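Here is the structure we will look at.
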Amino acid sequence: MSDDNETQGPILSMEGVGKWYGNFCALHDVNLMVELGEKVVVCGPSGSGKSTMIRCINRLEEHQAGTIRVAGHTLSANTKRIERVRRDVGMVFQQFNLFPHMTVLQNLMLGPVRNRGVSRAEAKSLAMHYLERVHIADQAAKYPPQLSGGQQQRVAIARALCMQPKLMLFDEPTSALDPEMISGVLGVMEELALAGMTMICVTHEMAFARRVADRMIFMDRGEIIESAPPAKFFSAPESERAQLFLSQILSH
Amino acid sequence: MDWLLFGAVLAFAVYTAYRVNDVLVYHWDWSRVAGFIVRRDNKTGHWFANILLLGLFSTLRLAWWGTVLACIIGLIMGACRASPNLTLRIISRVYVELIRNIPAVVFIFVFYFFVSTQLFPLIGLNSRTVNVPWTDNAIFRALFGPPGLLTNFLSGLICLAMFEGAYITEIVRAGIQSVPKGQWEAARAIGLSRFNIQRDVILPQAVRKILPPLAGQFITLIKDSSIVSLISIQELTYMGNEVANSTARVFETWIIVGVMYFAICYTFAVVFGRLESMARRSHR
C-alpha cells in the first residue's frame, strides 16, 4: 500500500466529500480534519447529514465525491483496505446492534478473533478488561436481551474498544435510551475522553458536549456550517442557523 | 358444549361410514394386503419385510437424504438470493422461478430424463459400476437401499431435492432478510469479512427464524416424495400401486399406505415441535 502513512498527519481528513441519494444531496463539500486525541461533537437538526457523514468514515455509506483518509488509508472500494480501516475505527450505534444470539463476552471477542487474528484466550482477557472499563464485567455471561438499554450500550462501547481503535465514532449513542440510563453511558464516554481517545460524537446532549468537546461542528442540509470551540459555539454562534438551532434545543 | 360437539361429529362419521359401506357393498379383506407388509417364510418361520414395508423404508431414505440435499441447495441458493452480487442473484432467481412455476410432475419428468441420460453417464455411474464390494454391506443398504437400485434411487433423490430446494431457498432468503440491517452494520463496523458476517452473525439468527416454516417444508417434502413414483422410484406410493393392482384390494392398500405416510409426517411434526421449544428455551 503506497499511501500507508500512519504516524504523520491527522487521524481523519475529509476533503470535498459529497454524497447523493438520487437527487437528494446528503453531503455537500464536507471538509473535516481531526487530530489524534481530539474530541469532536457534531450537532445539527435531524436530516442534516450528521449520521451520514460519520457513517462514511468507516464506509457503512459510500461517498461519491472528494477523498476520505483514515489513519493514513484512503477509502476506496478495496475490500481488504476497508476491513483494515475498520480495525482502526470503532463505532457505537443508536440502536446498540449487539448480536442477540451471542453472550456479552462472545460479542466482544468476535471482532478481535476474526479481524485481528487474536487468540481466543487473549481476546477473552481483552474483552474482560474493557467490560471492567465500562463497569459491567459481572454481566459477561448474559445475552444482550437480558440487559437494560444502558447496559447494552455500554457493552456496545466495549465491543468497539476491543478492536483497540484509534478513532471512535458515536452515532447518537443515548437517543434510544430511557432518561435514567443516559448518565451511565455518558459517564463511560467521558472516562474514555479523559483517557485520550479520539472521538467523533453525534449527539444532542449539549451539557456533555460542553464538558468534553474540543470542537463543535454544526451541520445543516448536508453541509458543515460552523466549526468552533464549545465556549465560543455556545455563547456566540456565528451563523443564523446555528443560533436558531441552539435556541430551540437549549430552551426546554 | 365441547362434548356435545364432539358427539355430533362422531355420530356423523359413523353414519357416513355406514352409508358408504351400504352403497359400496365392498368386502373388506385386510389379510391379503397385510401379507404385503410383512411376510412369513414357511420353511424357516422367520418374518420378512415385504414390499410395502420396503417401500416405506425407501421413502424414509428419500426423505432423509432429500432433506439433507435440499437444505444444502436451499442454504447456498438462499444466501445467493440475498447477496448483493447481481450474477448470483440472477442464477438463484431463475432457479426458484423455474421450479415454482412448473408443476412438480412436469419438472420431474423433464429433469429425470436429464439426470438419468446425461448426468449419470457423464460421471460414469451405472448399475454395473455401482456393484463394487464396498457397496454390499448392511450399513450401505440401510442408508441407500439395495446397490442394484442405486441409480434409480439417486435420480429420484436428485429430482426431489432440486424441487424442494427451491422452496427452502425462499424460506432461507426470508430468514436472512428478516435479520435487522443494524446487525449487518455492526458486524461490518468491527471489520468482519462478508463470509464471517454470514456465518457468525446472520445465519445463526436466520436459522432460528426459519425453523417453523422449514419444518412444514420437510413434511411437504415427505408427501411430495410420492411424486417420484411416476419415474419408477420404488418408494411407498410405487409399491402401494403395485400391491393395489395385483391384489385388487384398492381401499385396503391405499388406507394402509395413507396411515404409513401419516405416521412419518406426524412424527416429524412432533419432533420439530420439541426442537423448536427447546431452541426457544435455551435462548431467552
**Complete:** Restricted to the stretch B:251-284 and to residues being modelled with pLDDT of 80 or more and of a type in the set (S, T, N, Q), the residue nearest to B:Leu221 (Cα to Cα) is B:Thr267
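Determine whether the stretch A:166-176 contains at least one residue that is touching a Gly at 6+ places or on another chain (Cβ under 6 Å) and crowded, with 20+ Cβ neighbours inside 10 Å.
Checking the stretch A:166-176: at least one residue is touching a Gly at 6+ places or on another chain (Cβ under 6 Å) and crowded, with 20+ Cβ neighbours inside 10 Å.
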**Message:** I'd like the residue in the stretch A:47-77 that is more than 24 Å from A:Gly37 (Cβ to Cβ) and among the charged types (D, E, K, R) and, out of all such residues, is nearest to the other protein chains (Cβ to nearest Cβ).
**Reply:** A:Glu61
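This table checks each residue for (1) free of Cβ contacts under 8 Å to residues at least 12 places away in the same chain; (2) of a type in the set (Asp, Glu).
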site	(1), (2)
B:Asp2	yes, yes
B:Ala8	yes, no
B:Ala11	yes, no
B:Thr16	yes, no
B:Trp28	no, no
B:Val38	no, no
B:Trp47	yes, no
B:Leu54	no, no
B:Cys71	no, no
**Filter pass, B:Arg274 being surrounded by 16 or more Cβ atoms within 10 Å (Cβ to Cβ), more than 15 Å from the chain's Cα centre (by Cα) and basic (Lys, Arg)** = no
**Asked** List the pairs whose first member sits in the stretch B:166-184 and is over 11 Å from B:Ala82 (Cα atoms), whose second member is outside any helix (DSSP H, G or I), and whose Cβ atoms are under 6 Å apart, counting only residues at least 6 apart or on separate chains?
**Response** B:Gly182/A:Gln95; B:Gly182/A:Asn97
**Prompt:** Can you tell me how many residues in the stretch B:29-53 are in a helix (DSSP H, G or I) and either of a type in the set (S, T, N, Q) or in contact with a helix residue (DSSP H, G or I) (Cβ under 6 Å, 6 or more places away or on another chain) (or both)?
**Reply:** 6
**Request:** Report the residue count in the stretch A:106-138 for those that are more than 30 Å from A:Ser13 (Cβ to Cβ) and more than 14 Å from chain B (Cβ to nearest Cβ).
**Result:** 13
**Asked** Would you call B:Leu221 in a helix (DSSP H, G or I) and away from chain A (no Cβ under 11 Å)?
**Response** yes
**Message:** Yes or no: the stretch A:206-213 includes at least one residue that is in contact (Cβ under 8 Å) with a residue 24 or more places away in the chain, over 20 Å from A:Leu161 (Cβ atoms) and of a type outside the set (A, V, I, L, M, F, W, C).
**Reply:** yes
**Complete:** (1) surrounded by 18 or more Cβ atoms within 10 Å (Cβ to Cβ); (2) under 16 Å from B:Arg188 (Cα atoms); (3) not aromatic (Phe, Trp, Tyr) all hold for A:Ala71 apart from (2)
**Message:** If the requirement is being open to solvent by 20 Å² or more (accessible area, probe 1.4 Å), more than 25 Å from A:Met197 (Cα to Cα) and modelled with pLDDT under 95, which of these qualifies: A:Arg114, A:Arg84, A:Arg120, A:Arg133?
**Reply:** A:Arg120
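Table: residues versus (1) touching a strand residue (DSSP E or B) at 6+ places or on another chain (Cβ under 8 Å); (2) of a type in the set (A, V, I, L, M, F, W, C); (3) in contact (Cβ under 8 Å) with a residue 40 or more places away in the chain.
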residue: A:Tyr21; (1), (2), (3): no, no, no
residue: A:Phe24; (1), (2), (3): no, yes, no
residue: A:Val30; (1), (2), (3): yes, yes, yes
residue: A:Glu38; (1), (2), (3): yes, no, yes
residue: A:Cys43; (1), (2), (3): yes, yes, yes
residue: A:Cys56; (1), (2), (3): yes, yes, yes
residue: A:Gly72; (1), (2), (3): no, no, yes
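For every residue, the table says whether it meets (1) open to solvent by less than 70 Å² (accessible area, probe 1.4 Å); (2) within 23 Å of the chain's Cα centre (by Cα); (3) closer than 26 Å to B:Met239 by Cα.
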{"site": "B:Val9", "(1), (2), (3)": "no, no, no"}
{"site": "B:His27", "(1), (2), (3)": "no, no, yes"}
{"site": "B:Val38", "(1), (2), (3)": "yes, no, yes"}
{"site": "B:Lys43", "(1), (2), (3)": "no, no, yes"}
{"site": "B:Phe48", "(1), (2), (3)": "no, no, yes"}
{"site": "B:Thr67", "(1), (2), (3)": "yes, yes, yes"}
{"site": "B:Ile72", "(1), (2), (3)": "no, yes, no"}
{"site": "B:Leu75", "(1), (2), (3)": "no, yes, no"}
{"site": "B:Ala82", "(1), (2), (3)": "yes, no, no"}
**Prompt:** Which residues, counting only those in the stretch B:164-215, are crowded, with 19+ Cβ neighbours inside 10 Å, basic (Lys, Arg) and within 22 Å of the chain's Cα centre (by Cα)?
**Reply:** B:Arg173
**Request:** Taking B:Ser232 as the residue in question, decide whether it is at positive phi and either away from every other protein chain (no Cβ under 14 Å) or among the charged types (D, E, K, R) (or both).
**Result:** yes
**Unmet criterion (only one of (1) part of a helix (DSSP H, G or I); (2) closer than 26 Å to B:Val250 by Cα) for B:Tyr26** = (1)
**Complete:** Flagged in the stretch B:84-122 as part of a loop (DSSP other than H, G, I, E, B) and either among the acidic types (Asp, Glu) or open to solvent by 90 Å² or more (accessible area, probe 1.4 Å) (or both), in numbering order, are B:Asn101
**Complete:** Going through the stretch B:187-208 in order, the residues found to be closer than 20 Å to A:Arg81 by Cβ, within 7 Å of chain A (Cβ to nearest Cβ) and of a type outside the set (D, E, K, R) are B:Ala189, B:Ile190, B:Gly191, B:Leu192, B:Ser193, B:Asn196
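The values are calculated or read from the model by the stated rules, or taken from the named source; none is laboratory data. Since the structure is predicted, the reported quantities are computational estimates derived from the model, not experimental observations. Please note: Cβ atoms are built from the backbone with ideal geometry, for glycine as well, and neighbour counts cover all protein chains shown. Heads up: the accessible areas ignore ligands, DNA and RNA and are worked out on the full protein's heavy atoms, side chains in. Shrake-Rupley method; radii C 1.70, N 1.55, O 1.52, S 1.80 Å.
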